[in-house]
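Taking it in order: structure first as structure tokens, then the write-up.
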Amino acid sequence: MLTTLTTYLLQHKQVAIPGIGSFELKHQPATLDFASRLILPPSKTVVFDQHDSVNDQQIAFMSEAMNMGSSEVSQQLQALGQQLKQAISQKAFEWNGIGRLEEGATGIVFQSLLQNKLTSVEAHKVMRENVSHTVTVGDKEMQSNEAAELLHEETRSSYLMIIVWILIALALLFIGYLFYVKGFSPLSSGSQQKFGYIGSSLSDVC
């Protein structure tokens, strides 16, 4: 019967034994161990719960696999649960390929023994230089290196325009400073001297 229970667990991911508990098969995805620089492979583990309710699907599966009636399967499951509970009270029981059951302070303790056939692999960071790929800029497609050059040129042009405007602003400030220091008159000094000369000449005539 344990063989049938193992088959049902592997196919339906969960099985229950009356008086013992339920067992759930869980998949763990591959993970990256940064500290050890390892890629841990995907794995499976069996999780134990003391909830021992047997569903109708399990009974129907076992009834067909063992060529028995549903009531007979239920009775044998109950008997198996009692036998396992009694055996566990004396020493640890190992369910071949699934896990180890033993009696603990708060009830039955389960340790998964499901083996993972995949091994860890080393993880190395690969730095690739000058790798180009197609990107979309606006409504055009171009290589990533071309897009980077275009962005660099646009950035450079923007900096040049900023410098030009700064120079223009400084020039305007300098001109304004000169007007403020020397003053501004519609008559230059040369014009004032000319008008003075004309005035003195008229006085001599008179």
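Structure summary
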{"item": "Some residue of segment 136-158 being in the same structural domain as Y8 (by TED's automatic domain parsing), in contact with a Leu (Cβ under 8 Å, 6 or more places away or on another chain) and either exposed (fewer than 10 other Cβ atoms within 10 Å of the Cβ) or at pLDDT below 70 (or both)", "result": "no"}
{"item": "Filter result for F48 (part of a strand (DSSP E or B) and surrounded by 15 or more Cβ atoms within 10 Å (Cβ to Cβ))", "result": "yes"}
{"item": "Selected residue (only one of I98, I59 is in the same structural domain as S112 (by TED's automatic domain parsing), closer than 19 Å to Q111 by Cα and in contact (Cβ under 8 Å) with a residue 12 or more places away in the chain)", "result": "I98"}
{"item": "The one condition in (1) surrounded by fewer than 16 Cβ atoms within 10 Å (Cβ to Cβ); (2) of a type outside the set (V, I, T); (3) under 21 Å from L114 (Cα atoms) that S43 fails to fulfil", "result": "(1)"}
{"item": "G69 vs. criteria of a type in the set (G, A, S) and touching a Phe, Trp or Tyr at 6+ places or on another chain (Cβ under 7 Å)", "result": "no"}
{"item": "Some residue of segment 30-38 being part of a strand (DSSP E or B) and aromatic (F, W, Y)", "result": "no"}
{"item": "Residue pairs meeting the criteria (Cβ under 8 Å; at least 6 apart or on separate chains; first at positive phi, in segment 25-44; second in a loop (DSSP other than H, G, I, E, B) and not aromatic (F, W, Y))", "result": "R37/A123; R37/H124"}
{"item": "Checking Q78 against (1) under 22 Å from E103 (Cα atoms); (2) under 31 Å from the mean Cα position of the chain (by Cα), the condition it does not meet", "result": "(2)"}
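The rows are residues; the columns are (1) surrounded by fewer than 14 Cβ atoms within 10 Å (Cβ to Cβ); (2) in a strand (DSSP E or B).
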| position | (1), (2) |
| --- | --- |
| S74 | no, no |
| L77 | no, no |
| L84 | no, no |
| S89 | yes, no |
| E94 | yes, yes |
| I108 | no, yes |
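The values are calculated or read from the model by the stated rules, or taken from the named source; none is laboratory data. Everything numeric in this text was worked out from a predicted model, so none of it was measured. Because the Cβ atoms are built from the backbone with ideal geometry, glycine has one as well, and the counts that use them run over all protein chains shown.
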